[in-house]
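Below you'll find the structure, written out as structure tokens, and then a few comments.
The values are calculated or read from the model by the stated rules, or taken from the named source; none is laboratory data. Worth saying up front: this structure is predicted, and the values here are computed from it rather than measured. Here the Cβ positions follow ideal geometry from the backbone for every residue, glycine too, while neighbour counts run over all protein chains shown. What goes into the accessible areas is simple: the full protein's heavy atoms, side chains included, and nothing from ligands, DNA or RNA. Shrake-Rupley method; radii C 1.70, N 1.55, O 1.52, S 1.80 Å.
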Amino acid sequence: MARTIIPFGPQHQVFPEPIHLKLVLEDEIVKEVVPALGYVHRGLEMLADVRDFHQMIQICERVCGICSTIHAQCYCQGIEELMGIEIPDRARFLRVIWAEIHRVQSHLLWLGLFADAFGFESLFMQCWKIREKIMDINEATGGNRVNPSINIIGGVKRDMNPDMAQWVLTQLDLVEKEVNHLEKVLLNDYTVKKRTVGKGVLTREKAMELGAVGPTLRGSGVEQDIRQIGYAAYGELAHRPVVGIDGDAYSRNRVRFLETLQAIALVREAVSKLPAGDISVKVKGKPEGEVVTRVEQPRGELMYYIKGNGGKNLDRLRIRTPTFANIPPLLSMLPGIELADVPVIVLSIDPCISCTER
Amino acid sequence: MIKGIIMVFIGVFVAPLLGGLIAGVDRRLTAWFQSRYGPPVWQPFFDVIKLFGKERMVVNRWLVFCAHVYITAAMLSVVLFFLQSDLLLILFVQAVGAIFLVIGALSTTSPYSQLGANRELIQILTYEPLIILAFVGIYLVTGSFRISEILVQTKPLLVSLPLLYIALCYALTIKLRKSPFDFSTSHHAHQELVKGFLTEYSGPYLALVEIGHWYEVVLILGLCSLFWATSWIGIIALVGVTYFCEILIDNVTARLTWRWMLGYVWPMGLAMGFVNLIWLHGR
Amino acid sequence: MKEVISTTKGTVVSKTVDMKKDGYRFVTMSCVELDADTVDILYHFDRDLHLKHLRLTIQKKEAVPSVSLVYFAAFLVENEIQDQFGIRFDGLVLDYERTLYLEKEAPDAPYCRISVSRDVKSGED
Amino acid sequence: MFDMTPNILRNFFHKSSTRLYPKETRQAFGNARGELYNEIEACIFCRTCARKCPSQCITVDTKEATWQCDPFVCVYCGVCVENCPKKCLHQKNDYRKPVTDKEIIFMKGETKKKKCEGDPQET
């Protein structure tokens, strides 16, 4: 067939969020890709001008619906650094617990969406069914399903009593059992492998050069994870980044699957090491100065640049989300592949478009 | 004569009802496999009724014509089947309908529709030889292409044509648009081509295509039933088990590509068919 | 923020090339409005979890040399700054002409507190 | 090839994971932050909730002694509840029922200048 231009998106069933890719095809082979953004731009960074810096926590949470707690955690961490606040140990561990619960949730969501991208409907439903348990944990511990809103400047809002922690662990055991049932399907199934192995290869060098982050980078064999810095309580917990080798969609899938299990293990460890004490400190004063702070989101490195001027509003809040960094690598992966593989490869970077555009 | 009229009646009116019911049961079973409740069994009928109520919007007149040819051909093939006519005739009438559906999709300028139509053509090219092969097998056993001759057999065909039956199941999977062969269009949200070659069919015309599909499902399941046509229990058991397996396969496989289908279904289907035929011949 | 290196318009590209040679990964750029006329552009780089920043202070009207030829990944964020702050980048590998997020009829610099107004006489802004 | 089979067969022979929602509901968690309501008798209309709210869904008129909240703007973060000096704002454990029309929760209390024990009016 001759040259065709396929408008892929902004409303396409495979995309959870609107992004437009103009695909130039020849015989179902992609020759060129031009992305277009701007369908869900909300100007959240600009809200820092009109809302005070405490209210921004809830707004930062809403940058992304899936990794909400981690956004708020990053923001609070930045403000605390600016104001020189040392948060209590218990709060640091609690932040890790909620962040890792969120990672499990986000990765399960992604595994489902990924399965959906290659038309594996029952696997998609299965992943989301398991995820529902995590949402229940969120609701029971944090108060809401998606945006638990537990981070505040100076610590966390809610405590986790031993009974609750035990309940969380038993729920996570169930989740782990079910996730383990999926291992064979996600990593071994003939049809899944057929659709993912060797698709959208991103070499190690290319990944570094194009600034890939998170599982996309680790899938290409680079051992980099912001958690290694040891922010919050990660310095006191045993973990090593999960690394893939081949840099294809299968490898990224494997990294995310293993990270799900790793996150469950991290929650267990954090609960067992949970120190006693306060969960927050009193905050006085206003932030002044500038700071760059980073955390590891399920999708990769999340960076906040915060500039305060000593008033109650911030001067500038800049959010660099992981998907923003992963779009250039995506563009390099697409040319030369079949149309049928486009959804799989686009999904393999775990695109979060409302994150990207903020 | 009266029997003939009854058969035509069954073919025209009962077959689509049966097809819709099968679609409803299919959805329900799929939902159970996925740990959901699923829609009511009557949902496919509600869907079609709703489609008939929609505005008539078409990009060109060809589409309207093609949708009508498709449903007529599908209906005719089912009627011929119930009249116990010639298998080859049924197949070619059905193929005309399928081809017209693709022509309709090709007549539009939508890239999704075009690509879907190309893929559908490849699918037709893949399953038609398998069905013909199955008919050849039937002919070798019974000595006729006429269904009335097949029905007088005393021994189920399945005993002598087991491998050809599996080959026919490949064709059934493709025709039912089930995973792993649901790439030209599918019932679930379609991840590559939106609605594939059905993209430009809309409203009442999509409803016609949907009803045509029900006819085709009945036809193909009818062909399957010929393999154990000696008793009613055999027919029901064979068709039931086959359809159940289809749903199961739909739920345990990902969607694959048309390149894979050409490289897998043809060799496998043809090899199984030929082995079966050689075995028949050597007996 | 430690390790901030100041640069000028003339040296920003060469310093970025140095960063690339040293094996740094491009993280992103941030644009910060200082007052009605000047903005800060910060370039963030990372190597082995260690951040390094370049700071470029410029007038809003000035065009900034693009680093997207050095780091392809910079094209997205440079287009974003073009959209949000109305600053022009010279030599972008893929220039959306301020339509990455915005429509043609949108205001010039929605993220500036004091928007740059369009100069009618010269036709272009 | 068919590695998913055990999983879906397990699903097939077990109870559905979904619920027929309006007919069947799950019991709310004790800690959940659901519907917001105000004990208007105790409210002093100090406007703390309105100021602290990140989504600015609460409007308070001190003079008229009215408190209103747009539940479709509210994000159920619970900041107002934590900051209420009189502890008269509460959140129930379950969510608001779905509705077809937008509505605003409007409450009118008594101005606190005159001390009286008249019944609060709710509309």
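Could you list, in sequence order, the residues of region A:55-75 that are hydrophobic (A, V, I, L, M, F, W, C) and in contact with a His (Cβ under 7 Å, 6 or more places away or on another chain)? Before the answer, list the steps.
Looking only at region A:55-75, we keep the residues that are hydrophobic (A, V, I, L, M, F, W, C), and these are A:56-57, A:59-60, A:63-64, A:66-67, A:70, A:72, A:74.
Once the filter is applied, which keeps residues that are hydrophobic (A, V, I, L, M, F, W, C) and in contact with a His (Cβ under 7 Å, 6 or more places away or on another chain), region A:55-75 yields A:Cys60, A:Val63, A:Cys64, A:Cys67, A:Ile70.
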Practice task
Can you run down the residue pairs with Cβ atoms below 9 Å, 6 or more apart or on separate chains, where the first is in region A:97-118 and on the phi < 0 side of the Ramachandran plot and buried (at least 24 other Cβ atoms within 10 Å of the Cβ) and the partner is outside any helix (DSSP H, G or I) and of a type in the set (Phe, Trp, Tyr)?
Solution key: A:Phe114/A:Phe120
Exercise for the section: Please state which one of D:Arg26, D:Arg51 is closer than 19 Å to A:Asp52 by Cβ, surrounded by fewer than 18 Cβ atoms within 10 Å (Cβ to Cβ) and not hydrophobic (A, V, I, L, M, F, W, C). Expected result: D:Arg51
Exercise for the section: Output the number of the condition that A:Lys177 fails; it satisfies all remaining conditions of (1) assigned to a helix (DSSP H, G or I); (2) of a type in the set (Lys, Arg); (3) at the interface with another protein chain (Cβ under 10 Å from one of its Cβ atoms). Expected result: (3)
Handout entry: The lone exception for B:Val136 - which of (1) of a type in the set (A, V, I, L, M, F, W, C); (2) open to solvent by 10 Å² or more (accessible area, probe 1.4 Å); (3) part of a loop (DSSP other than H, G, I, E, B) it fails
Key = (3)
Exercise for the section: Answer yes if at least one residue in region A:334-343 is away from chain C (no Cβ under 14 Å), modelled with pLDDT under 85 and at positive phi, and no otherwise. Expected result: yes
Exercise for the section: With respect to B:Ile249, determine if the residue is under 20 Å from the mean Cα position of the chain (by Cα) and part of a helix (DSSP H, G or I). Expected result: yes
Fill in the blank from the handout: Exception for D:Arg19 within (1) modelled with pLDDT under 85; (2) surrounded by fewer than 16 Cβ atoms within 10 Å (Cβ to Cβ); (3) of a type outside the set (Val, Ile, Thr) falls at (1)
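Can you pull out the residues in region B:14-55 that are of a type in the set (Val, Ile, Thr) and within 14 Å of chain A (Cβ to nearest Cβ)?
Within region B:14-55, the first condition is being of a type in the set (Val, Ile, Thr), and the residues that meet it are B:14, B:22, B:25, B:30, B:41, B:48-49.
Correct list: B:Thr30 only.
If you take the residues in region B:139-165 that are part of a helix (DSSP H, G or I) and without any contact (Cβ under 8 Å) to a residue 60 or more places away in the chain, which one is surrounded by the most Cβ atoms within 10 Å (Cβ to Cβ)? Even if it seems obvious, please write down each step before you answer.
Step one: list which residues in region B:139-165 are part of a helix (DSSP H, G or I), which gives B:139-142, B:147-151, B:157-160, B:162-165.
Right, trim to without any contact (Cβ under 8 Å) to a residue 60 or more places away in the chain and you get B:139, B:142, B:149, B:159.
Numbers: B:Tyr139: 16, B:Thr142: 18, B:Glu149: 16, B:Val159: 10.
Taking the candidates together, the pick is B:Thr142.
Any idea which of A:Ala212, A:Ala140, A:Ala232 is within 22 Å of the chain's Cα centre (by Cα), of a type outside the set (D, E, K, R) and assigned to a helix (DSSP H, G or I)?
Details: A:Ala212 fails: assigned to a helix (DSSP H, G or I); A:Ala232 fails: assigned to a helix (DSSP H, G or I).
Of A:Ala212, A:Ala140, A:Ala232, the one residue that is within 22 Å of the chain's Cα centre (by Cα), of a type outside the set (D, E, K, R) and assigned to a helix (DSSP H, G or I) is A:Ala140.
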Completion exercise
Selection from region A:1-50 of residues among the β-branched types (Val, Ile, Thr), under 29 Å from C:Val32 (Cα atoms) and out of contact with any Lys or Arg (no Cβ under 7 Å at 6 or more places or on another chain) yields A:Ile19, A:Val40, A:Val50
Completion exercise
Of those in region B:243-282 that are hydroxyl-bearing (Ser, Thr, Tyr) and within 18 Å of A:Ala115 (Cβ to Cβ), the residue surrounded by the fewest Cβ atoms within 10 Å (Cβ to Cβ) is B:Thr257
Problem - Test set (1) in contact with a Ser or Thr (Cβ under 9 Å, 6 or more places away or on another chain); (2) surrounded by fewer than 21 Cβ atoms within 10 Å (Cβ to Cβ); (3) more than 10 Å from every other protein chain (Cβ to nearest Cβ) - C:Leu69 fails condition number - result: (1)
Exercise for the section: Of the conditions (1) in contact (Cβ under 8 Å) with a residue 40 or more places away in the chain; (2) in a helix (DSSP H, G or I); (3) open to solvent by 10 Å² or more (accessible area, probe 1.4 Å), B:Lys178 clears all except one; give me its number. Expected result: (2)
Fill in the blank from the handout: Considering region A:20-39, residues that are within 14 Å of chain C (Cβ to nearest Cβ) and touching an Asp or Glu at 6+ places or on another chain (Cβ under 9 Å), and then whichever is surrounded by the most Cβ atoms within 10 Å (Cβ to Cβ), we arrive at A:Leu37
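So, of the residues in region D:12-53 that are of a type in the set (A, V, I, L, M) and either touching a Ser or Thr at 6+ places or on another chain (Cβ under 6 Å) or within 22 Å of D:Tyr76 (Cα to Cα) (or both), which turns out to be nearest to the other protein chains (Cβ to nearest Cβ)?
So the first thing to find is which residues in region D:12-53 are of a type in the set (A, V, I, L, M), and the list is D:20, D:28, D:32, D:36, D:40, D:42, D:44, D:50.
Within this subset, residues satisfying the condition of being either touching a Ser or Thr at 6+ places or on another chain (Cβ under 6 Å) or within 22 Å of D:Tyr76 (Cα to Cα) (or both) are D:28, D:32, D:36, D:40, D:42, D:44, D:50.
Details: D:Ala28: 9, D:Ala32: 5, D:Leu36: 12, D:Ile40: 24, D:Ala42: 23, D:Ile44: 22, D:Ala50: 12 Å.
The residue in question is D:Ala32.
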Fill in the blank from the handout: Taking region A:135-164 and keeping residues farther than 24 Å from A:Cys64 by Cα and open to solvent by less than 10 Å² (accessible area, probe 1.4 Å) leaves A:Met160
